[in-house]
Amino acid sequence: MQKKKWYEWLVALVFIAMVGLCVYLNVFSGQGEGVSNIAVNAAMFLIVAIILISCDRNSFAPINDIISDLCRVTAKIRDDAMNSHAFLYERYKENTGYAL
């Protein structure tokens, strides 16, 4: 399992800050909004949490996999270029099944 990137932690931190602000405004502000307002806000934050978790699994995770693959292949190509005294195109062209 990969460690989370900084932007994933930022999204989680912003969500927690939003929930904290909502709790403060509804519970501790002294306006006495009532249980129905708190229930509506809780439902909306639950929907937002589901959307954020879905984005993390369906967007952030595949992009992080692509980033790690590109970094790995870049390191392999750089290593091949440093150890070869010819153009790499011919070498890669001959080996169409070349595993980077």
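Throughout, read-outs are computed from the coordinates displayed, never taken from laboratory work. Because the structure is a prediction, the values reported are computed rather than measured. Cβ: placed from backbone, ideal geometry, glycine included. Neighbour counts: every protein chain shown.
What to note about this one:
- Its DSSP H runs of at least 4 residues, each contributing -39,500 (n - 2.57), put the calculated 222 nm mean residue ellipticity of the chain at -23000 deg cm²/dmol, to the nearest 500.
- If R0 is 30 Å, the Cβ-Cβ spacing of L10 and V40 corresponds to a FRET efficiency of close to 0.65.
- Cross-link partners of K93 among aspartates and glutamates (Cα-Cα below 16 Å; sequence separation of 8 or more within a chain): D80
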